[in-house]
There are 2 protein chains.
Amino acid sequence: MPANSAPDSTSTRDRILSVAERLFAERGYNKVSLRSITAAAEANMAAVHYYFRTKEALLRAIFEARTAPLTAERQRLLHAVLERSGDSPPPVREVLAAFIGPGIRLASTPSGAIFNQLSAICSVDPDPTVRSIVFAVHDDVAQLFVDALRRACPHLDAATFFLRVQCIFGSMMYVRANNGRVDRLMPLEAQPRDDVDTLLEMMLDFLTAGMAAQPTPTARPGGPSKAAQ
Amino acid sequence: MPANSAPDSTSTRDRILSVAERLFAERGYNKVSLRSITAAAEANMAAVHYYFRTKEALLRAIFEARTAPLTAERQRLLHAVLERSGDSPPPVREVLAAFIGPGIRLASTPSGAIFNQLSAICSVDPDPTVRSIVFAVHDDVAQLFVDALRRACPHLDAATFFLRVQCIFGSMMYVRANNGRVDRLMPLEAQPRDDVDTLLEMMLDFLTAGMAAQPTPTARPGGPSKAAQ
DNA sequence: GTCTATATGTGGATAGAC
DNA sequence: GTCTATCCACATATAGAC
């Protein structure tokens, strides 16, 4: 029963969710206390326990709310690519676009950009609590992506494919995190973040070319022993 | 720095350093207490204060000890590449190899692999304390690398170059972190980590191809308004 | 140099009033 | 549903004995 005279139309629960998401993204899960969240959300600690029970469950709720539409979109796009290609290998660029695009496009809204930062930070967090949450919400669609990409790359041996998938994940994570590391090293040049479609095309240019590259022949089990220069 | 076979020949200070490095790499700076470090190093908390004064200074000492030879090697290789190429653009692959190689090669020793994990985790840590340490020890050589790579890539506009550098950093970080995210998504296929030279060549294949790619013409300030498909 | 003991602060969780 | 007050565990840092 919402009060029609309330100055804030948002509920206490929603305020906690959005404030926690922002603070976690800025400072990391472990460095944000429930006290600071409730202070910024104009609530108290008992409210967090009432709605979410624990701090971990609060993080999980944030991820589930955000990743549900993201995962649905990725799955829809991936399945569309696979259907279009039928029995032949799907185009690498389209597979990449289906998986990376929805995440990159989040950056076009302020709240989406915040979640992108949170998602990137948490995806490399060594804390088992954080890891289990991230893995749980992403594993299904990530598996679908990896399988589709594998079909798109029959020219790669398993080890090379494995390493390149790591590069894709790392690139995506780093761009989404947008942590200012590279900014310090470049002059005043424009950053393309205000146009997510251009940003996505730039990423696809880079990653597609990387996946298309023919592996350098090198010492491999059963292969020749001398690397080409 | 002598052999690590003697259990008690190491000094208390060295044991604290190496135990802290391992625990920080496994669980992250914020999740490791000085208590757990001193317990594992068979010392006590007062010893940490005696040798390093604070937890932050302990992390800084770890990084400075590890990055000093790493940075020297990177600078040596980068300068060698630049001298070889003279006034003409240096080869992209060689510039990449000079910067990425020394870090990747650390993975060939157990202690180097531990520091690789620590370095990767800390390079995306949002904590300002951690960030300032990482930036301080890496900024000089990273700047040298970015400048050299810029010279190697005259075919790229500033925004595209900027984004691709982020992809390089992200790829390097993710591979060095080796956090098990991708392992979950792949079957029993071999991981190439036992041969760091092959691993480095694989990364160079991918990243060099990505940097060489011609950018997709798209809507850019002063450019045509319709993107090619 | 190395230890015990402790000062001082902060964290998550919760009981119970309203 | 929302709050105040509090419990208890654990963090860093340090004082002072030996």
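Laboratory data are not the source of any read-out in this text; all were calculated from the coordinates shown. Note that this is a predicted model, so its numbers are computed, not measured. Quick reminder, even Gly has a Cβ in these numbers, built from the backbone with ideal geometry, and neighbours come from all protein chains shown.
Structure summary
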{"quantity": "Theoretical gain in end-to-end length, B:Ala46 to B:Ala68 [0.36 nm per residue, Cα-Cα removed]", "calculated": "5.2 nm"}
{"quantity": "Computed [θ] at 222 nm, deg cm²/dmol, the protein assembly as shown (DSSP H ≥ 4; -39,500 (n - 2.57); rounded to nearest 500)", "calculated": "-22000 deg cm²/dmol"}
{"quantity": "Kyte-Doolittle mean at least 0.0 and Cα axial length at least 24 Å: DSSP H helices in chain B", "calculated": "B:128-152, B:158-177"}
{"quantity": "Across the identical copies, how the A:Ala158 labels are spaced - nm, sorted shortest first, 7 Å along Cα→Cβ", "calculated": "4.7"}
{"quantity": "Listed peptides B:170-181, A:129-140 by packing density, highest first (mean Cβ within 10 Å)", "calculated": "B:170-181, A:129-140"}
{"quantity": "Cα-projected label distance for A:Ser132 with B:Asp87, points at 7 Å along beta-carbon direction, nm", "calculated": "6.4"}
{"quantity": "Cβ-vector label at 7 Å, B:Glu42, separations to other copies in nm", "calculated": "5.8"}
{"quantity": "Principal axis dimensions, chain A - Cα atoms, whole angstrom, descending", "calculated": "72, 43, 35"}
{"quantity": "Alpha carbon convex hull of segment A:17-102, volume per residue in cubic angstrom", "calculated": "108"}
{"quantity": "Cα-based Lys pair tally, the protein assembly as shown, threshold under 17 Å, eight or more apart or on separate chains", "calculated": "5"}
{"quantity": "Radius, Kirkwood style, for segment B:62-176 when every pair of distinct Cα atoms is counted (Å)", "calculated": "14.8"}
{"quantity": "Distances in nm from A:Pro187 to the matching label points in the other copies, shortest first (labels 7 Å along Cα to Cβ)", "calculated": "5.2"}
{"quantity": "Dimensions (Å) - the protein assembly as shown, Cα atoms, principal axes, largest first", "calculated": "68, 66, 46"}
{"quantity": "Gain in span if fully extended, B:Arg27 to B:Thr109, counting 0.36 nm per residue against the direct Cα distance", "calculated": "27.5 nm"}
{"quantity": "Scattering curve values for segment B:7-61, log₁₀ I(q)/I(0), Debye with Cα scatterers, q = 0.19, 0.20, 0.21, 0.29 Å⁻¹", "calculated": "-0.55, -0.61, -0.67, -1.31"}
{"quantity": "Reduced Cα scattering model of segment A:131-205, Debye log10 I(q)/I(0), q = 0.12, 0.19 Å⁻¹", "calculated": "-0.48, -1.01"}
{"quantity": "Prolate/oblate/rounded call for segment B:109-154, Cα gyration tensor, a/c under 1.5 rounded", "calculated": "oblate"}
{"quantity": "Average partner coverage of B:149-162, which counts Cβ from other chains inside 10 Å", "calculated": "3"}
